[in-house]
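The next block holds one structure in the form of structure tokens; read it before the comments.
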Amino acid sequence: MASKRLAVSIHAGSIEELREIVRTRPYDFGCRPRATSTAEGGHALAALLTQKQYDELKKDDTRVDILSDGVSDDRSAQETIGSGDRFHGGQRAPRGLGSRPDGVNHDLGGIMNVGEINSAIKGLAREYHISTFCVPNKTYEGSSGLGGLVGGSCNDEYHVYFTAGVHARERGGPDNLIYFIADLLYAQKHGTGLTYGARSFSNADVLRVLSTGIVFLPLVNPDGVRFDQQTDSLWRKNRNPASAIPGDDFSIGVDINRNYNFLWDFRLHFDPSIANSISLASEDPSDETFHGTTAFSEPETRNVAWVFDTYPRIRWYVDIHSAAGDMLYSWGDDDDQGADPTQNFLNPSWDGKRGVLGVNDYKEWITQTDLGNIQTAASRVTSAMVSVGGRSYTPEQAVGLYATSGSSEDYAFSRFQVNPSLNKVYGFTMEFGHPTNFYPTKIEFQQNVIDTAAGFMEFCLAAADIGLV
Ligand SMILES: [Zn+2]
């Protein structure tokens, strides 16, 4: 089922033209479509196209540049995914790049396979005596996810939450998170700082980051990741076959990041003019963004939410995705506005009017204080990632080129508005990696580990500065 796909950049003179492509073409734009400015003063949109889609688009006189063959040999599972178990069932702990004397030049080896991700977490628990937990809902194939806790001593002392491994094909996300935690624990135990390329953090920084209390769940979607690593099929969803159409392999699975309870019923909540784009969400099981039969229909989605409920003082959340090179902040359903509190996702009088961007209609309400806090944190994270010295990253509002329904960072930030007794959570999505480059080469994988670790460090420092409660 491995399918050749081309990572491309689609060019247009205006954002509106790109938005129209997203609205009308059933292409794979990754987690969500992003527009970037080009050196010639135009705009570009990354996508992953089949040869047929590429040929069709070229016929329309659209400029399409090929960035890479998305599944070339040096990106294959055989070349980049670890075999066996380098952590020996938890007898050995992983160690990140920031704590090593040879630093970023150390060869981490391959991307972890599913077994290694769990062994790595157990290895951290054994070496550093941290607590772990199992999420309560088993996946379709019977997996139960393992998470970890650092820096706190009771459930109320955890204020920062990271998840990874949601979209199966976004290789290296779990590794980024595990190596970051491994570096923190090593530096704490040995009284050192951490260095990522040109960016260094002191031991005092390490202790301050740990003092925020961090919950980490590195592999939200084990079934999907296992399948993707076996097939090189650029698999995105989980493997739940409940809605599958016989004979259509692509109709297996639900997009976890469209399954959260935030404006999930997109036909009701969004403007009909934007609702047919699969980028928003889809009720067709064959689409990459199939949103399930109901909000929270999927065990993986409920597991992410269970952590919020179990550690009720979480205030800062990052869902780790790829591949774009940005840090996204609320909201993802429409443009932000701070003037009219009645224009909000809970108000049914705006149903059918949301999601049209760049015009003076419905926009999602956010206070200036909250917007300032999340923009400050996102900017600090991308600045830290840039300071490593590898490449550029940008902070952006999640809605960007097109609205999304049912995504994690909006769910996180909506919780306290749906239920005022819950803690306010600032939700973010980090998209590491180059645009639509879901399968990094080994060298790119290593750079992603370095860049994201610096970003996570700065995220926790920003959280501590802005406020944990
Ligand atoms: Zn993703």
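Converting the Cα gyration tensor eigenvalues of region 409-469 into ellipsoid dimensions via √(5λ) gives semi-axes, longest first, of 30, 16, 6 Å.
Pop the C-beta distance of residue 339 and residue 14 into the FRET formula with R0 = 30 Å and round what comes out to the nearest 0.05.
Values: r = 26 Å, r/R0 = 0.88.
The formula returns an efficiency of 0.70 here.
Determine one quarter of the surface area of the Cα convex hull of region 176-254, which equals its mean projected area, and express it in nm² to one decimal.
Values: hull surface 30.7 nm².
Its average projected convex-hull area is 7.7 nm².
Answer rounded, prolate or oblate for region 358-397, using the Cα gyration tensor with square roots of eigenvalues a ≥ b ≥ c: rounded when a/c is under 1.5, else prolate when a/b is larger than b/c, else oblate. Intermediate values should be presented prior to the final figure.
On the way: a/c = 6.44, a/b = 2.03, b/c = 3.17.
Note, shape of region 358-397 comes out oblate.
Packing-based ranking of 52-60, 287-295 yields 287-295, 52-60, ordered from highest to lowest mean Cβ neighbour count within 10 Å.
Take the Cα of residue 419, step 7 Å toward its Cβ, do the same at residue 66, and the gap between the two points is 5.1 nm.
Sort the following peptides by mean Cβ neighbour count (other Cβ atoms within 10 Å, averaged over residues), highest first: 72-81, 8-17, 302-311, 180-189.
On the way: 72-81: 15.3, 8-17: 17.0, 302-311: 18.9, 180-189: 23.6.
With the highest mean Cβ count within 10 Å placed first, the list reads 180-189, 302-311, 8-17, 72-81.
Over region 6-72, the alpha carbon radius of gyration divided by the compact-protein estimate 2.2 N^0.38 Å works out to 1.02. Among the lysines, which fall within straight-line cross-link reach of residue 363, defined as a Cα-Cα distance under 18 Å, with same-chain neighbours fewer than 8 residues apart omitted? Counting by Cα, and skipping residues close in sequence, residue 363 has these lysines nearby: 353. Here the Karplus relation 6.51 cos²θ - 1.76 cosθ + 1.60, evaluated at θ = phi - 60°, turns the backbone of region 364-375 into coupling constants of 7, 6, 8, 6, 4, 5, 5, 4, x, 5, 6, 5 Hz, with x for every Gly and Pro. Amide H of residue 137: which non-local residues (sequence gap of 5 or more, or other chain) have their own amide H closer than 5 Å, using H built in the peptide plane? Amide H to amide H, under 5 Å and 5 or more residues apart or across chains, residue 137 pairs with nothing.
As a ratio to 2.2 N^0.38 Å, the alpha-carbon radius of gyration computed for region 294-357 takes the value 1.42.
Measuring how big region 276-395 is from its alpha-carbon positions, Rg and Dmax come out at 17.0, 48 Å.
Residue by residue, region 74-83 carries 3J(HN,Hα) couplings of 6, 10, 6, 4, 4, 7, 10, 9, x, 10 Hz when phi is fed to the Karplus relation 6.51 cos²θ - 1.76 cosθ + 1.60 (θ = phi - 60°); x denotes Gly or Pro. As a test of the formula, what do you get for the chain when each DSSP H run with n ≥ 4 contributes -39,500 (n - 2.57) and the sum is divided by the residue count, at 222 nm and rounded to the nearest 500 deg cm²/dmol? Estimated from H runs of four or more residues: -9500 deg cm²/dmol. What share of the DSSP beta bridges in the chain is antiparallel, in percent to the nearest 5? The antiparallel proportion sits near 55 percent. Modelled label positions at residue 137 and residue 55, each set 7 Å beyond Cα in the direction of Cβ, lie 4.2 nm from each other. Between amide H atoms placed 1.01 Å from N, distances below 5 Å from residue 30 occur with 48, all of them 5 or more places distant or on a separate chain. Bridgeable aspartates and glutamates around residue 58 (alpha carbons under 18 Å apart, same-chain partners fewer than 8 residues away excluded): 17, 20, 28, 69. From the largest down, region 1-127 spans 57, 34, 24 angstrom on the principal axes of its Cα atoms. Largest first, the three principal axis extents of the alpha carbons in region 337-469 are 51, 33, 22 Å in whole numbers. Principal axis extents of the Cα atoms in the chain, from largest to smallest and rounded to whole angstrom, are 58, 50, 47.
Expressed as a rounded percentage, what relative contact order does region 6-72 have, with Cα pairs under 8 Å and six or more residues apart? Can you show the working numbers first?
On the way: 101 pairs, mean separation 33.6, N = 67.
After rounding, I find 50 percent.
Histogrammed with a bin width of 5 Å, the alpha carbon distances of region 95-164 distribute as 3, 12, 18, 23, 20, 14, 7, 3, 0 percent, first bin at zero. Which whole-number percentage describes the relative contact order of region 73-469, with Cα contacts under 8 Å and a sequence gap of 6 or more? Value for region 73-469: 20 percent. Using the Karplus curve 6.51 cos²θ - 1.76 cosθ + 1.60 with θ = phi - 60°, what ³J(HN,Hα) values do you get for each residue of region 164-170, in whole Hz, with x for Gly and Pro? So the Karplus estimates, Gly and Pro as x, are 8, x, 7, 7, 4, 6, 7 Hz.
Quick note: the coordinates plus some simple rules give every number you see, no bench work behind them. Computed from a predicted structure; not experimentally measured. Every residue, glycine as well, gets a Cβ built from its backbone with ideal geometry; the counts of neighbours run over all protein chains shown.
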